[in-house]
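The values are calculated or read from the model by the stated rules, or taken from the named source; none is laboratory data. A quick note: this is a predicted structure, and the numbers were derived from the prediction, not measured. No Cβ is skipped: glycine too gets one built from the backbone with ideal geometry, and neighbour counts run over all protein chains shown. Surface areas here come from the heavy atoms of the whole protein model, side chains and all, with no ligands, DNA or RNA. Shrake-Rupley method; radii C 1.70, N 1.55, O 1.52, S 1.80 Å.
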Amino acid sequence: MIIGGGIAGLSTAQCLLQKGASVTLLERGITGQEASWAGGGILSPLFPWDYSDDVTRLTSRGASLFPAWTREMHELTGIDPEYDVCGMLALPPFDALAALQWCGKRHHSSWKRADTASHELHGQEGAIFLDDVAQVRNPRLLRALRAHVVALGARIVEQCTVNEIETAKENVISLSTSGGKASAHAYIVTAGAWSKEILGRLALRLEIKPVRGQMLLFKFDRMPLGHIVVQEDLYLIPRRDGHVLVGSTLEDVGFDRNITMEVRAMLWKRAQKVLPSLKGRQPVQHWAGLRPASPRNIPTIGRHPELKNLYLNSGHFRYGVTMAPAAAEILCNELFGLPQPFDITPYRSGWGV
């Protein structure tokens, strides 16, 4: 039984179903409509050299699984997640030495070449172009993933709130939900920013909290960008249909998902400095999502330290979509006793015990 129907819950359900498990997924609202839907879909940390190996190892593994993963879902459901290796241009300021060393070690990125320059952009001198960075369109990915999970035989119960996790000795015995009691052989919490609240006393020293991010969407008749552009914490993502997504903020405001006009003005102003053709062009949409923030962006994946049949896959912060297939793989491997792709010790430490 999986608690939470975002990208983590759906990808975990998919992996379990493909290994022969029976899965029921409980979602407090509508599947795929929280942080998973709201994000930009960049399949890389914005400046990967600023993150620990524990983060980049998981994002790299997840990104490497995306081509086959999205292709399979597209073929089986007819829904195209729009996986696109478009590259990402990182504009200064950033730690150039750390960036050069990081790129050199991985042999997949280089200093910006002349053919990546665009007269549409400002501030390109000293930029780095990461040519293998891909993107995916989150809402389409979630639709395809949900359809595939249903086709594999999952039971999805929406508008179902988990009020309490009931335990006895070293096991979870049932869930108390808004729809009554529910029980299973094993329980997996994948509730994103709500995970700690659902776990209650069972959260131990887990540090997962909501951090709001606001986004703007613009529409162009002629696409001004051919790749993702990042400057500090601002990013611009071009979509195939002429939309450009601009994000994002990091706001510690609890479970408040409201948008603000101050942030709208700030993002718009900053984006215009990078892409002048945004001047005079009104956003066509403005929204916010609540990310499941965790210390150092490292999620917690694996079994509860004190309960034999309770597991967690949460706290992916800004990179839940990128990490999703790898995190699901790790959790399923643990449940079925299969070898892991790498040392997963860092993703067990979030319990704080």
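Some observations on this one:
- Selected from 65, 121, 152, residue furthest toward positive end of dipole (the stretch 11-159; charges at beta carbon): 152
- Counting only protein heavy atoms and a 1.4 Å probe, the chain has 43 square angstrom of accessible area per residue.
- Each Lys and Arg adds +1 at its Cβ and each Asp and Glu adds -1 at its Cβ; summed about the Cα centre, the stretch 177-290 shows a dipole of about 220 debye.
- Annotation: peptides 92-102, 288-298, ranked by per-residue average of other Cβ atoms within 10 Å with the highest first, follow the order 288-298, 92-102.
- In order through the stretch 314-329: 3J(HN,Hα) via Karplus (6.51 cos²θ - 1.76 cosθ + 1.60), integer Hz, x for Gly, Pro: 7, x, 7, 6, 7, 10, x, 5, 4, 7, 3, x, 6, 5, 5, 4
- Per residue of the chain, the DSSP helices (runs of n ≥ 4 H) give a summed -39500 (n - 2.57) that works out to -9000 deg cm²/dmol at 222 nm.
- Across all directions, the average flat footprint of the convex hull enclosing the Cα atoms of the stretch 196-325 is 9.6 nm².
- For residue 6, residues with placed amide H under 5 Å, excluding near neighbours: 32
- Qualifying trypsin sites (Lys or Arg not before Pro) for the stretch 25-114 [loop in DSSP, other Cβ within 10 Å: at most 14]: 113
- The chain: radius of gyration and largest Cα-Cα distance (Dmax), Å: 20.2, 65
- Eigenvalues of the alpha-carbon gyration tensor of the stretch 85-234, scaled by 5 and square-rooted, set the equivalent ellipsoid semi-axes at 44, 20, 15 angstrom, largest first.
- Cleavage-rule hits (GluC sites (Glu not before Pro)) in the stretch 267-342: DSSP loop, at most 16 neighbouring Cβ within 10 angstrom: 306
- Free-standing Cys residues across the chain, given no other cysteine C-beta under 4.7 angstrom: 86, 103, 160
- Pair-distance distribution of the stretch 129-195: all C-alpha pairs, bin width 5 Å, starting at 0; shares per bin in whole percent are 3, 12, 16, 19, 17, 12, 8, 6, 4, 3, 1.
- About the Cα centre, charge dipole magnitude for the chain (Lys/Arg +1, Asp/Glu -1 at Cβ), debye: 340 debye
- The phi-based Karplus calculation (6.51 cos²θ - 1.76 cosθ + 1.60; θ = phi - 60°) puts the 3J(HN,Hα) values of the stretch 333-343 at 4, 5, 4, 9, x, 9, x, 8, x, 6, 5 Hz, whole numbers, x for Gly and Pro.
- Protein heavy-atom surface of the stretch 179-262, 1.4 angstrom probe: 50% of the accessible area is carbon and sulfur, with nucleic acids and ligands not counted.
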